[in-house]
Structures are given as C-alpha cells and as structure tokens.
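Peer 1: Below are the structure tokens for one structure; questions will follow.
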Amino acid sequence: MQFLKKNTGRATTTKAQGDAGEDEALAYLQAQGLRLLQRNYRTPGRGGGEIDLIMQTADGTVVFVEVRKRSRSDFGGAAATIGATKRRRIVFAAQHYFLSWSRLPPARFDVVTLDGAGPQWLQAAFDAG
C-alpha cells in the first residue's frame with residue numbers, strides 16, 4: 001500500500017514556506033529601519049487572530065504586518081488573499097496585543113507580499129474600521 005508509506009521526499013511544507021516568507025519579510029523590514037517587537041503573536045482561544053510580525057518604526061509607530069507569499073499571481077496575487085475576515089482577525093489580535101499597554105502609540109496595518117519579484121511593502125494597507 002503505497003499511500004501508507006512515509007513521504008521521504010524533500011518537499012517543503014506549507015508551514016516551512018510560510019516561515020521562510022516571514023524571514024524574508026522580516027529581513028526586508030529591518031533593512032528599512034523597523035525594529036521587531038514580536039513574531040507570530042496569537043490571541044488565546046479559538047477563532048482569535050494571529051499577527052505575523054509586530055514591528056516598530058523609529059518614531060514609535062507600532063506596525064502590525066501580515067506577510068503573504070504566493071508562487072502564482074492567479075486570482076489577484078498575494079495581496080488579494082487578505083479578505084475581510086482575515087483583516088478583522090488581525091485587528092482583533094492588535095487590540096488584544098495593546099491590552100497591556102498603558103499608553104497607546106500610533107499604529108497601522110501593513111502587508112508585505114512576496115510574489116516572486118521581491119518583497120512589496122504596502123504601508124497602511126487597511127485600517128481598523
């Protein structure tokens with residue numbers, strides 16, 4: 001039964017591909033002068049949100065970054081995969097992240113896409129509204 005045999009190929013998992021994309025986006029943003037505050041921030045419980053990278057600019061703005069990597073540009077490319085539900089979950093996670101802060105800094109929601117032509121940084125890609 002061939003299908004029961006363990007896959008010993010060098011195929012990369014989706015998780016590994018996502019991690020590699022986040023590594024690339026992180027290096028790119030750090031080269032642009034942003035500082036990493038946290039990576040893969042998750043809210044507790046089911047149905048919560050997750051933020052790939054939480055960065056900070058030199059002026060103190062906290063930047064919540066969603067990283068999207070696609071090997072093909074069918075159906076609009078990587079940026080087109082961030083729908084209303086995903087944005088809502090990112091905003092929810094950002095609100096949860098700020099619960100322990102005594103003063104709220106300026107914040108924005110950015111997207112870094114990796115479509116094959118190098119990182120594309122979309123600043124203020126969406127808002128909390």
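Peer 1: Considering only region 39-67, state which residues are more than 18 Å from Ala128 (Cα to Cα) and surrounded by 11 or more Cβ atoms within 10 Å (Cβ to Cβ).
Peer 2: Hits for region 39-67 are Arg39, Asn40, Thr57.
Each row is one residue, and each column tells you yes or no for (1) modelled with pLDDT of 80 or more; (2) over 22 Å from Phe98 (Cα atoms); (3) not in a helix (DSSP H, G or I).
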site	(1), (2), (3)
Thr8	no, yes, yes
Ala11	no, yes, yes
Asp23	yes, yes, no
Arg39	yes, no, yes
Pro44	yes, no, yes
Gly60	yes, no, yes
Val63	yes, no, yes
Val67	yes, no, yes
Phe75	no, yes, no
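Peer 1: Does Thr113 fit the bill of being at pLDDT 80 or above, among the polar types (S, T, N, Q), out of contact with any Ser or Thr (no Cβ under 6 Å at 6 or more places or on another chain) and part of a strand (DSSP E or B)? So that I can check it myself, show each step before the final result.
Peer 2: Details: at pLDDT 80 or above: yes; among the polar types (S, T, N, Q): yes; out of contact with any Ser or Thr (no Cβ under 6 Å at 6 or more places or on another chain): yes; part of a strand (DSSP E or B): yes.
It is true that Thr113 is at pLDDT 80 or above, among the polar types (S, T, N, Q), out of contact with any Ser or Thr (no Cβ under 6 Å at 6 or more places or on another chain) and part of a strand (DSSP E or B).
Peer 1: Within 22 Å of Gly45 (Cβ to Cβ) and of a type outside the set (A, V, I, L, M): does that describe Phe126? Working first, answer last.
Peer 2: Working: within 22 Å of Gly45 (Cβ to Cβ): no; of a type outside the set (A, V, I, L, M): yes.
For Phe126, the condition - within 22 Å of Gly45 (Cβ to Cβ) and of a type outside the set (A, V, I, L, M) - is not met.
The values are calculated or read from the model by the stated rules, or taken from the named source; none is laboratory data. In this text the structure is predicted, and so the values were computed from the model without any measurement. Neighbour counts are summed over all protein chains in view; Cβ atoms, including those assigned to glycine, are modelled from backbone coordinates with ideal geometry.
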